Amino acid sequence: MAHFAEHLNARVTVGKGGSLLAPQSVRSKGMMSDPTVNCVLLADRHHGLSEGVRGLLETAFDAVVMVADQASLFESADRLKPTVAVVDLSLARGDGLRWVPRLRSRCPDMKLIVLSVHDEPSVCRTALEAGVDAFVLKRAITTDLVAAIDAVRAGKEYISPGGAERPPPKD
C-alpha cells in the first residue's frame, strides 16, 4: 500500500518497501537529496490526523513528507535526512520505543517529536528517556505542536502540559 507525502506542491509517494517515487519536477530540482531543504517527516497511521497536522507543518517547513508505517519512516529518514520528525508513539506496534535509537543513529542531527494519546507521566518519561526531544499530546496538537517545533529547533525540550517532568539525569 502506498503512503502519500507532500513535498512543496508536488506529490511524493512512499511506495512498497519505502521507495520514494518523486515526480520528475521534484527530482530535477534536487529537492529529494538537498540537505539544505528544511524538511519534516510526519509518521502516523491515521491519515485524517496526518492531513490536519500537515497543514500546521506546511507553514514552518519547505517540505512535509508523510508516511504511515515504521519501514517507511526509516527509509524516508535515510533518504531525506529531515530537520524534524514528528512520530506517533504507537506507529511501531509492539516494538515500544526501540525504534528511537535506530532512527537517531540514521539522523543524529534530526529533532524528534513524539505524538501520543497517552497522558500518563510514565509514558512521557519513558519517551524522554528513550531520547525524544519533545512529547506532544495528540489532544493538544493544535496548541502544542508549533511550540514544540520552536523549542526543539532552539535546542530545548518540550513537554505538553499534562505530560511529565524531565527525569533526573542518570549517574
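The values are calculated or read from the model by the stated rules, or taken from the named source; none is laboratory data. Just so we're clear, the structure is a prediction, and the values are computed from it rather than from any experiment. Glycine gets a Cβ as well: all are built from the backbone with ideal geometry, and neighbour counts include every protein chain shown.
Here is how the numbers come out for the structure above:
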{"quantity": "Some residue of region 123-136 being within 24 Å of residue 56 (Cα to Cα), free of Cβ contacts under 8 Å to residues at least 12 places away in the same chain and in contact with a strand residue (DSSP E or B) (Cβ under 9 Å, 6 or more places away or on another chain)", "calculated": "no"}
{"quantity": "Single condition residue 150 does not satisfy, out of (1) more than 24 Å from residue 47 (Cα to Cα); (2) acidic (Asp, Glu); (3) assigned to a loop (DSSP other than H, G, I, E, B)", "calculated": "(3)"}
{"quantity": "Evaluation of residue 75 against (1) within 14 Å of the chain's Cα centre (by Cα); (2) in a loop (DSSP other than H, G, I, E, B) (one fails), failing number", "calculated": "(2)"}
{"quantity": "Residues of region 105-122 satisfying the condition of being surrounded by 18 or more Cβ atoms within 10 Å (Cβ to Cβ) and either in contact (Cβ under 8 Å) with a residue 60 or more places away in the chain or outside any strand (DSSP E or B) (or both)", "calculated": "107, 110, 115"}
{"quantity": "Number of the exception - residue 45 against (1) more than 24 Å from residue 154 (Cα to Cα); (2) of a type outside the set (Gly, Ala, Ser); (3) without any contact (Cβ under 8 Å) to a residue 12 or more places away in the chain", "calculated": "(3)"}
{"quantity": "Top-ranked residue in region 31-65 [being among the hydroxyl-bearing types (Ser, Thr, Tyr) and under 18 Å from residue 113 (Cβ atoms); ranked as modelled with the highest pLDDT]", "calculated": "59"}
